[in-house]
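Q: Here you go, one structure.
Only the coordinates and a few stated rules stand behind these numbers; no lab work does. All values derive from a computational prediction rather than experimental measurement. Methodologically, a virtual Cβ is constructed for each residue, glycine included, from the backbone with ideal geometry; neighbour enumeration extends over all protein chains shown.
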Amino acid sequence: MESLPVTVDRSHLIVLGEKLYARSLELVRELVNNAYDADATEVSVQVADDEVVVLDDGLGMDRDGLLRYFQVGVPDKRENPISPRLGRHRIGQFGIGKFATLAASRRFEVYTRRDLFSARVVFDRDEWERGEGEWQLPMEIDPQPGRKRDGTTVRMTKLTKRLDPTAVREYLVETVPLKAPRFAVYVNGLKLVPRSLAGRRLPFLEGTPFGVVQGEAVILPASRAATDSLGLEVKVRGVTVRRELFGMQAWGKLVTRIRGEVHADFLPLTADRSNFVVDSPEYAAFLEAMRTVMAEVEAALRQLALRKENSVARRAVQEALDRIETALRRHPDLSPFGSIPIGDEVEGGGEAALVAEPTAPPGPERPGPEAGVEPGPKGEDVVIVSVSDEEASGVEVARDALPRARRLTPNAVVQRVRMGVTGLTCCIDQFGEDGPESFTEGTIIYVNRDHPLYRHEAAKRETFTRHLARLLTQELALMSERDDPRRAFQQQSLLLKETFSDED
């Protein structure tokens, strides 16, 4: 029977084992990652009520390897960061991970084999606490029964904390390099599979003076949004160190739709690899790179959110326009266009949308606009082109001759109904929080989606259509009675009541 000296003070061992690795799950992570560093292709974790066993098919250890294994702070992995057989970037740095076993057990045994050498080393805390002076671990050479092939087995008994196999699986999925080639991990016989996220993928690659920041953000479908596991997994050498929000906490509910991972192997870690050295220049450069990444992610996310919002807005405004058209057909005295025969509706949307605005023939009370350019929202141009009687009566008009609202934002929602020879168009677009709720130019009614009241009502689908109808009837009433606000308000009230009379 031989023995191995452990070159660490007893009180320091307690700090390393019990304090540094306070979570029991971390000890399993450390053992699996040690196996990865040893070029294991398969790791089996067995979790029972009275013991935990981690077995790998890695390179194993010879006599010198065992001696270094039980020494703290040996720079072997720092001096040899690439594994010899599979060329892996090794995860461990400080050589203290094996003492994480003290966070959940009072006894662990290490069985190892490399080539013709095999041995078992036992650490029993009860025996150790009874001893005095120099600390020696008993090492049995070529134990029977022992390992029959190269690799290492760590068996923990006298458990002080029970491990839940499900919790072990979930933790290892995040914290070990499961995506690495030729590396598989099993927990109680079930193979761990890296998480796959469905959604819009946004790969990124940013350079820093210390190395590359790369990864992928995933925008989940709204139906898959969740409040658990928020943020991006930040990985160093393939292992998740922690999740970070990178300012997403200010995004409101949208943060629940973002997941993904970031790889930055140059980041310095704390001794237990549970956090970064945040006051380092490497971490400052990393955050600066991620600010650029997150600005792009936020823009893409808000664009997707607007698409869904646009779909809801398009349906709501079309329903409001249809209801108003029906009400005006029943009550032509409320219409600024006169009698409204049944007409067709035309849809548009976005920057490329065509908004045709043939105008009614000029009358004594309401002169029609001449062909030309009128100032539009935000100082943009809205081209209004008058049409002849022949064109209004059904003669096809060349597409280029039709008027259009130009330079709308890409997120604009444009819906139109034809009221006789007159088309009424509603355009929902962004005009700033301080802009008006709605305004009219020609026969285009603009609705400001940035207005706080619009945002409030857009979140309530049951009242959204009524809100849009209120704005539309308000602008229609002002078309008829722009010089008499009191009468315009009365007409709007009557028209709005008629618009929803069937519900009443």
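Q: Could you tell me which of the pairs Lys191/Lys235; Lys161/Lys191; Lys148/Lys191; Lys191/Lys308 are separated by over 27 angstrom between their Cα atoms in the structure shown?
A: Pairs exceeding the cut-off: Lys191/Lys308.
Q: Set the Förster radius R0 to 60 Å, insert the Cβ-Cβ distance between Val278 and Ser501 as r into 1/(1 + (r/R0)^6), and round the FRET efficiency to 0.05.
A: Efficiency at R0 = 60 Å is approximately 0.40.
Q: Here is a further query. Do any chymotrypsin sites (Phe, Trp or Tyr not before Pro) in the stretch 180-210 lie in a DSSP loop with no more than 15 other beta carbon atoms within 10 Å, and if so, which?
A: When the chymotrypsin sites (Phe, Trp or Tyr not before Pro) of the stretch 180-210 are filtered for loop state and at most 15 Cβ neighbours within 10 Å, nothing remains.
Q: For Ser493 and Leu287, compute 0.36 nm times the residue count separating them, minus their Cα-Cα distance, and round to one decimal in nm.
A: Additional length available on full extension: 68.7 nm.
Q: Also, I was wondering about something else. Work out the FRET efficiency for Ser311 and Arg149 from their Cβ-Cβ distance, taking R0 = 56 Å, and round it to the nearest 0.05.
A: The calculated FRET efficiency here is 0.40.
Q: If one computes the Cα centroid of the stretch 442-474 and of the stretch 306-322, what distance in Å separates the two points?
A: 10 Å
Q: Further question: Which of the three applies to the stretch 420-504, rounded, prolate or oblate, going by the alpha-carbon gyration tensor with a ≥ b ≥ c and a/c under 1.5 meaning rounded?
A: Working: a/c = 1.58, a/b = 1.16, b/c = 1.37.
It comes out oblate by the Cα gyration axes.
Q: In terms of the Cα gyration tensor, with a ≥ b ≥ c the square roots of its eigenvalues, is the stretch 158-301 rounded because a/c is under 1.5, prolate because a/b exceeds b/c, or oblate?
A: Since a/c reaches 1.5 but b/c is at least a/b, the shape of the stretch 158-301 is classed as oblate.
Q: Which distance in nm do the two modelled labels at Ala198 and Arg130 give, with both placed 7 Å along the Cα-to-Cβ direction?
A: So the label points at Ala198 and Arg130 sit 6.0 nm apart.
Q: With only Lys, Arg, Asp and Glu charged, each at its Cβ (+1 for the first two, -1 for the last two), find how big the charge dipole of the stretch 217-281 is about the Cα centre; round to the nearest 20 debye.
A: That gives a dipole near 280 debye.
Q: Using the Karplus equation 6.51 cos²θ - 1.76 cosθ + 1.60 (θ = phi - 60°), what ³J(HN,Hα) coupling, rounded to whole Hz, does each residue of the stretch 232-245 give in order, writing x for Gly and Pro?
A: Residue by residue, the stretch 232-245 yields 9, 6, 9, 10, 10, 6, x, 10, 5, 8, 6, 9, 10, 8 Hz.
Q: For Thr270 and Glu216 in one chain, what is 0.36 nm times their gap in residues minus the Cα-Cα distance, to one decimal in nm?
A: On the way: separation 54, 0.36 × 54 = 19.44 nm, distance 2.47 nm.
Working it through step by step, the gained length comes to 17.0 nm.
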